[in-house]
Amino acid sequence: MRIRMTGGLLGMALLAGCGGAADLSGALQTAVAPLVGTQQAATPAAGAPAGAVDPETLRRVDLNTLGLTGTAQRLVDNGASATFAGPGGLTYTMRDGMLVSTRGLGHDLMAAETRQSRAALRAGGGQALRVHETLDGLDRIERAEFDCTVTPKGVESVVLGQRRITARRFDESCKGAALIFDNYYWLDDAGEVVSSRQFVSQTVAYLRSSDL
């Protein structure tokens with residue numbers, strides 16, 4: 001894992017007081033409300049028993065720095081964006097496979113502009129500008145721009161739940177005025193992001209999210 005501060009900034013402090021994994025509940029629905037706007041709630045698969053969880057709505061999620069790992073369930077899906085609820089009160093939103101926001105982590109990624117990064121993935125590599133808005137320790141929004149290079153890394157075997165597939169890996173190296181980080185993506189034959197490790201913030205570090 002590479003996260004490096006540039007210039008004369010001080011090293012980051014670890015986020016304290018993280019809770020353990022928790023079952024999904026109505027409280028998560030409340031927590032995700034600011035994210036979802038007019039998105040539509042995910043519905044169970046046709047013919048599924050009442051109260052059953054559709055496996056198509058589940059993902060594996062890991063935040064190693066915070067010690068959070070487990071299953072995340074899709075709460076809302078409007079086609080382009082999907083919001084998931086995971087362990088410890090975490091919620092996060094993916095847009096076309098790109099992480100665009102988190103909630104419940106303290107120093108959250110409030111919003112991210114990732115369209116150029118996604119376009120570079122589709123093109124098989126290239127340059128991209130991304131913009132992050134993160135929440136600092138004083139609950140203020142900090143905005144940062146990053147110049148990124150997306151590079152193909154060949155084909156790798158990746159585990160998705162109980163199965164293993166062959167996927168194309170891409171690395172995205174990003175550099176801002178005070179921060180450097182690397183994102184990893186694994187794409188299937190259709191060009192969909194089936195697994196990724198994407199940067200959240202300095203204290204949270206990376207979120208890994210994978211299909212099951």
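Laboratory data are not the source of any read-out in this text; all were calculated from the coordinates shown. The structure presented is a predicted model; accordingly, all values stated were derived computationally and were not measured. Every residue, glycine among them, receives a Cβ derived from its backbone with ideal geometry; neighbour counts consider all protein chains shown.
Data table
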read-out	value
Among the candidates LEU207, LEU160, LEU179, residue that is buried (at least 20 other Cβ atoms within 10 Å of the Cβ) and within 20 Å of LEU68 (Cα to Cα)	LEU207
The one condition in (1) surrounded by fewer than 21 Cβ atoms within 10 Å (Cβ to Cβ); (2) outside any loop (DSSP other than H, G, I, E, B); (3) among the small types (Gly, Ala, Ser) that ALA112 fails to fulfil	(1)
Matching option when the condition is in contact (Cβ under 8 Å) with a residue 12 or more places away in the chain, out of contact with any helix residue (DSSP H, G or I) (no Cβ under 6 Å at 6 or more places or on another chain), loosely packed, with under 14 Cβ neighbours inside 10 Å and outside any strand (DSSP E or B), among GLY79, GLY137	GLY137
Residues that are of a type outside the set (Lys, Arg) and either out of contact with any strand residue (DSSP E or B) (no Cβ under 6 Å at 6 or more places or on another chain) or free of Cβ contacts under 8 Å to residues at least 24 places away in the same chain (or both), drawn from the stretch 105-115	LEU105, GLY106, ALA111, ALA112, GLU113, THR114
Matching strands (runs of 3 or more DSSP E) fully within the stretch 151-208 where at least 3 residues are over 27 Å from THR134 (Cβ atoms)	163-175
Condition broken by ASP182, with the remaining ones in (1) acidic (Asp, Glu); (2) in contact with a strand residue (DSSP E or B) (Cβ under 9 Å, 6 or more places away or on another chain); (3) over 18 Å from ARG208 (Cβ atoms) satisfied	(3)
Residue in the stretch 147-161 that is farthest from PHE181 (Cα to Cα), counting only those that are touching an Asp or Glu at 6+ places or on another chain (Cβ under 9 Å) and of a type in the set (S, T, N, Q)	THR151
Some residue of the stretch 184-195 being touching a residue at least 40 places away in the same chain (Cβ under 8 Å), farther than 20 Å from ASP62 by Cβ and either surrounded by fewer than 16 Cβ atoms within 10 Å (Cβ to Cβ) or of a type outside the set (A, V, I, L, M, F, W, C) (or both)	yes
